[in-house]
Amino acid sequence: MKMLLLSRFIGAIPGFLDTRGLDSRAATRIAYIDDASKPLGNAPFIKRERLQLHELGYSLVPLTVGDGTATELASALDRVDAIYVAGGMADYLMATLRRVGADTVLIERVRAGLPYMGASAGAMIAGKSIKPAIALDGHTAGVSLEDLTGLGLIDAVILPHADGQLPPYPPEKIAAVARKFENTHGLTLLPDNAALLVENGKILRVESPENTSAPR
């Protein structure tokens, strides 16, 4: 598996993708899965998250999994070089993936070697549980998700924005959530300027700064 799990900033992406033997960033097609942002309307971070990838020079293929089927997702992933799962509401995202059977498709493709990138909610669902997401954001209105397990692609439970720099998640809130889950096996606090690189069975924490390299 090849995974890059981000909190907020995406500076680690070029180092993750540009070594994959592709001709150029413009030729690198990324499936951009945006379902987690749907309950949040036009929140400013949504546009900015997508714009960051455009600024790096990659070609995005927008995908709203909940509007299609597992078969359609599988077909779309046949035509891309990587997956990026955007941030937002983790419970809504997991509920949507399960509803259409897309969770199974993602697990199969990532385990088969398709590079996976996820930020915030997109990172949290890759782990064993999304319980910290509920502690941070509460439940999405209208979503009843009893099973809070994630995709289980890594043996970790990720708590993003752990440096407390993002206004919705001040240090005292992060500290309270960390205390609540301090006895959880694999709890991993991930600040906004870091990422988890998962490759060849190893998990390595790497820098992921806000300032990204210029498109080539």
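The values are calculated or read from the model by the stated rules, or taken from the named source; none is laboratory data. Fair warning: this is a prediction, and the values are worked out from it, not measured in the lab. Glycine also receives a Cβ, built like all others from the backbone with ideal geometry; neighbour counts cover every protein chain displayed.
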How about region 185-200: which of its residues are crowded, with 17+ Cβ neighbours inside 10 Å and not in a loop (DSSP other than H, G, I, E, B)?
-> LEU187, THR188, LEU189, LEU190, ALA194, ALA195, LEU196, LEU197, VAL198
May I ask you to verify whether GLY66 is part of a loop (DSSP other than H, G, I, E, B) and at negative phi?
-> no
Could you tell me whether any residue of region 151-168 is β-branched (Val, Ile, Thr), in a loop (DSSP other than H, G, I, E, B) and within 14 Å of MET94 (Cα to Cα)?
-> no
If only one of ALA135, ALA102, ALA156 is among the small types (Gly, Ala, Ser) and under 22 Å from TYR32 (Cα atoms), which one is it?
-> ALA102
Give SER37, SER7, SER24, SER59 a once-over and let me know the one that is of a type outside the set (Val, Ile, Thr) and touching a Pro at 6+ places or on another chain (Cβ under 6 Å).
-> SER7
Filter pass, ILE203 being outside any helix (DSSP H, G or I) and of a type outside the set (Gly, Ala, Ser) = yes
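One line per residue, one yes/no per condition, for (1) hydrophobic (A, V, I, L, M, F, W, C); (2) surrounded by fewer than 16 Cβ atoms within 10 Å (Cβ to Cβ); (3) under 20 Å from THR140 (Cβ atoms); (4) at pLDDT below 95:
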| position | (1), (2), (3), (4) |
| --- | --- |
| ALA12 | yes, no, no, no |
| SER24 | no, yes, no, yes |
| ALA31 | yes, no, no, no |
| LYS38 | no, no, yes, yes |
| ILE46 | yes, no, yes, yes |
| LEU51 | yes, yes, no, yes |
| HIS54 | no, yes, no, yes |
| ALA74 | yes, no, no, no |
| VAL80 | yes, no, no, no |
Could you list, in sequence order, the residues of region 108-128 that are β-branched (Val, Ile, Thr) and surrounded by fewer than 20 Cβ atoms within 10 Å (Cβ to Cβ)?
-> none
Considering each of ILE203, ILE174, ILE154 in turn, give the residue that is among the hydrophobic types (A, V, I, L, M, F, W, C) and surrounded by fewer than 17 Cβ atoms within 10 Å (Cβ to Cβ).
-> ILE203
With the condition kept exactly as written, say whether any residue in region 129-142 is without any contact (Cβ under 8 Å) to a residue 40 or more places away in the chain and either within 22 Å of HIS185 (Cβ to Cβ) or crowded, with 20+ Cβ neighbours inside 10 Å (or both).
-> no
